[in-house]
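Reviewing the structure listed below.
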Amino acid sequence: METARLRDGALALIGIGVGIGALLLVPSQIPGGSLADISEPSSSSFFPIVVASALVLCCGVLLTETILRPDNMEEAPPPLLTHGYIQASVLLTAYVFLIAWLGMMVASGLMIASLSYAFGYRNWPYMIATAVLIPLGIWFVFRKLLYVVFPSGVLF
Amino acid sequence: MLDNLIQGFMMMANVGTLAAAAVGVIAGIITGAIPGLTATMAIAVLVPFTFFVSPIIGIPFLLGVFKGAIYGGSIPAITLNTPGTAAAAATTIDGHALAQKGQTRRALEMALYACVFGDLFATIILIFAAQMLAQFALKFSSPDFTMLLLFSLTMIAAVGGKSMVKGLIAAVTGGLIGVIGLDPMSGASRFTFGVSDMMGGISLIPLLIGMFALPEVIMQLERKQKTISPVGGSAGPRLSAKEFFSHWRTLCRSSSIGAFIGALPGMGAEIACWIAYGISSKRSKKPQEYGNGSIEGVAAAESAANASCPACLVPMLAFAIPGDTVTAILLGAFMAHNINPGPLLFQQHGELIYSLFAVLIVSNLMLLLFGRVAIRWLRNIGVVPNGLLLPSVIALCFAGSFAVNSSYFDMVLTLIGGILGVLMRKLNVPVAPLIISLLLAPSLEQNIRQSLAFSDGSFSIFISRPISAVLLVLTVVSIAGFAWSRMRAPRIA
């Protein structure tokens, strides 16, 4: 059974991995950088090394705290990957992808309609009206008043 | 100082500035009154609009939104038992109880007047305290700023969530994200992976919109919450002036608490309202009414919450250190308008600062005016279906995040921020320390490197200077204190 303890442990390990990964990437991602630059404050890699090391340290403390924490203190954590979360993540990812292909206005209309449906809203006239009017309103405010040019797509 | 303040009033006495403040207050009240739309979200979504106007329009607009949203959250708190913003959580307890007794109007009016009182109280403190602190801050050098930043980040991490360690992890992660891009001192690229969009670093506003606005929508989708019906009518007994002023002790005490708490890094209206409410219930002559419809409880919570708003501007203006995410956004907006808060701000932009103080006072009066209208018309705003409202907000979020830099990459950042933001909330990792650390990372790096360059790499510079030594001790004591209290808490339970 998943517990908060397991999650915190996984979080700590992921954090340690990220910190160590950042340290290992210093020589390749920072010109002239190396781990020895921890003693060179003037170097570009000094601060990244300090921060990455601090991340490893903090996650190590969390891991230790998690291991030492008694089990009977646990309350059941909320589910992590719920249907709603996955649904929203997929819809929004598709929305961002569609912006590049269909353009901001069309993609926004489709997103509003699909997300409204996901919320369980079934009043189709209002849903369609919102999916049309909101993107138009955003276009008017940003394009005409603020002169922001949104990505356009194959349609509009 | 009085001359400067009068000049400030004259500087902001133009149609554009007044209109911007008014529109901001109205937008803030409406946004705060909608359950699920927080003050942070309101400002994060609306801040891109200010990049296209001058600072004398953009900054009053944002301040108006801030004030309006903190107050607006009390409307659904009282009518729907659902705080529109976290700062209105304490108001829910007695406010909704009063609404259930048919005293909705009385509760809403007390919330409004207490809000205006607390805000004005703290604004006066701000006017005096900010300049004094800025003059004190002129004595700070790089080691002192380094320790001040570390102390602030530690406080924000410690009080930002249930676990101090997780708060520190969030803060350090924010610092790590903050190094992506170009080294501010040498210009060398760091962790860009050859992606040109990352050369400029990770943009704060799009990530912030993603981490604060999107998770609210995603989590409401999880709950499939549609609408909630309000209780109480706009009729019912009204609050008299005599009754309002009979609670002057509670108002002054709670406003003082709110002003003090708001000025501390990591604290904010969300904490101030609960502390003031708790103290007020202990000091009250009618403690049995608390939790069952105490008008005094509403006064305490609202005055403290709104007093913390101007107060949190004190460290931001004097030290360029944001106390919470809202001031982090405001700080970002200031910098985008080429106004750099900090000790030199009063010297370089003194007239602008006093016009800012004048804006705070005038927008407070606007809040009083528009709040009375909101009491009548906005009590039903919570019944707008989430299925229409929230997707529309999402579209506005992505449009706003694109508008910051006209970059598609920023929309990808917003998306990533949203997905990660939900995970962080479920894992009880606070988001605020990450965002504030991301904002402060360049300054922290610059100050650390300058300090160590000055001392030839010796860390003793942080101990040899009295101000940095005191801040170092405070940081260590704070960490130890929080760790000790967290270790003891399970045993006491």
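Considering only the stretch B:394-409, state which residues are more than 9 Å from chain A (Cβ to nearest Cβ) and crowded, with 23+ Cβ neighbours inside 10 Å.
Residues of the stretch B:394-409 more than 9 Å from chain A (Cβ to nearest Cβ): B:397, B:401, B:404-405, B:407, B:409.
Residues satisfying the conditions are B:Cys397, B:Ser401.
The rows are residues; the columns are (1) open to solvent by 30 Å² or more (accessible area, probe 1.4 Å); (2) at the interface with another protein chain (Cβ under 10 Å from one of its Cβ atoms); (3) not in a helix (DSSP H, G or I).
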| site | (1), (2), (3) |
| --- | --- |
| B:Ala134 | no, no, no |
| B:Thr146 | no, no, no |
| B:Lys162 | yes, no, yes |
| B:Ile169 | no, yes, no |
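When you look at B:Met155, is it away from chain A (no Cβ under 13 Å) and of a type outside the set (Gly, Ala, Ser), yes or no? Let's see the steps before the verdict.
Details: away from chain A (no Cβ under 13 Å): yes; of a type outside the set (Gly, Ala, Ser): yes.
Yes: the conditions hold for B:Met155.
Does B:Gly68 qualify as being part of a helix (DSSP H, G or I) and among the small types (Gly, Ala, Ser)? Outline the logic, then answer.
Numbers: part of a helix (DSSP H, G or I): yes; among the small types (Gly, Ala, Ser): yes.
So B:Gly68 passes the test.
Given (1) of a type outside the set (A, V, I, L, M, F, W, C); (2) part of a helix (DSSP H, G or I); (3) at pLDDT below 90; (4) open to solvent by 60 Å² or more (accessible area, probe 1.4 Å), identify the lone condition not met by A:Tyr85.
So the condition that A:Tyr85 fails would be (4).
Quickly run through the stretch B:326-365 and pick out the residues that are closer than 20 Å to B:Thr50 by Cα, part of a helix (DSSP H, G or I) and open to solvent by 20 Å² or more (accessible area, probe 1.4 Å).
Listed by number, the residues that qualify are B:Met335, B:Ala336, B:Leu352, B:Val362.
Please indicate, with yes or no, whether at least one residue in the stretch A:39-59 is more than 10 Å from chain B (Cβ to nearest Cβ), in a helix (DSSP H, G or I) and over 18 Å from B:Leu168 (Cβ atoms).
No, the stretch A:39-59 contains no residue that is more than 10 Å from chain B (Cβ to nearest Cβ), in a helix (DSSP H, G or I) and over 18 Å from B:Leu168 (Cβ atoms).
Applying the selection to the stretch A:99-142, what residues are more than 10 Å from chain B (Cβ to nearest Cβ) and closer than 26 Å to B:Ser406 by Cβ? Give the steps one after another, and end with the answer.
Initially, the stretch A:99-142 is screened for residues more than 10 Å from chain B (Cβ to nearest Cβ), giving A:101-103, A:106, A:110, A:124-125, A:128, A:132, A:136, A:140.
Within the stretch A:99-142, A:Trp101, A:Leu102, A:Gly103, A:Val106, A:Leu110, A:Val132, A:Leu136, A:Phe140 meet the criteria.
Within the stretch B:200-222, count every residue that is within 24 Å of B:Phe334 (Cβ to Cβ) and either modelled with pLDDT under 85 or more than 11 Å from chain A (Cβ to nearest Cβ) (or both). Give the derivation first.
Initially, the stretch B:200-222 is screened for residues within 24 Å of B:Phe334 (Cβ to Cβ), giving B:200-213.
Still in the list and also either modelled with pLDDT under 85 or more than 11 Å from chain A (Cβ to nearest Cβ) (or both): B:200-209, B:211-213.
So the count comes out to 13.
Failed condition for B:Ser303, given (1) out of contact with any Leu (no Cβ under 7 Å at 6 or more places or on another chain); (2) more than 30 Å from B:Leu168 (Cβ to Cβ); (3) in contact (Cβ under 8 Å) with a residue 24 or more places away in the chain; (4) of a type outside the set (Val, Ile, Thr), with all others met?
(1)
Taking the stretch A:88-98 on its own, how many of its residues are out of contact with any Leu (no Cβ under 7 Å at 6 or more places or on another chain) and either more than 7 Å from every other protein chain (Cβ to nearest Cβ) or not small (Gly, Ala, Ser) (or both)?
As a first pass, look at the stretch A:88-98 and keep what is out of contact with any Leu (no Cβ under 7 Å at 6 or more places or on another chain): A:89-90, A:94-95, A:97.
Now drop any that are not either more than 7 Å from every other protein chain (Cβ to nearest Cβ) or not small (Gly, Ala, Ser) (or both), which leaves A:90, A:94-95, A:97.
Residues in the stretch A:88-98 being out of contact with any Leu (no Cβ under 7 Å at 6 or more places or on another chain) and either more than 7 Å from every other protein chain (Cβ to nearest Cβ) or not small (Gly, Ala, Ser) (or both): 4 in total.
Quick one: B:Ala44 ticks every box in (1) part of a helix (DSSP H, G or I); (2) modelled with pLDDT under 85; (3) surrounded by fewer than 19 Cβ atoms within 10 Å (Cβ to Cβ) bar one, so which box is it?
It fails just one condition, (3).
Tell me, yes or no, whether the stretch B:414-422 has at least one residue that is of a type outside the set (D, E, K, R), more than 30 Å from A:Thr3 (Cβ to Cβ) and buried (at least 23 other Cβ atoms within 10 Å of the Cβ).
yes
The values are calculated or read from the model by the stated rules, or taken from the named source; none is laboratory data. Worth saying up front: this structure is predicted, and the values here are computed from it rather than measured. For neighbour counting, all protein chains shown are included, and Cβ atoms are generated from backbone atoms with ideal geometry for every residue, glycine included. Ligands, DNA and RNA are stripped out before the accessible areas are found, and what is left, the full protein with its side chains, is counted by its heavy atoms. Shrake-Rupley method; radii C 1.70, N 1.55, O 1.52, S 1.80 Å.
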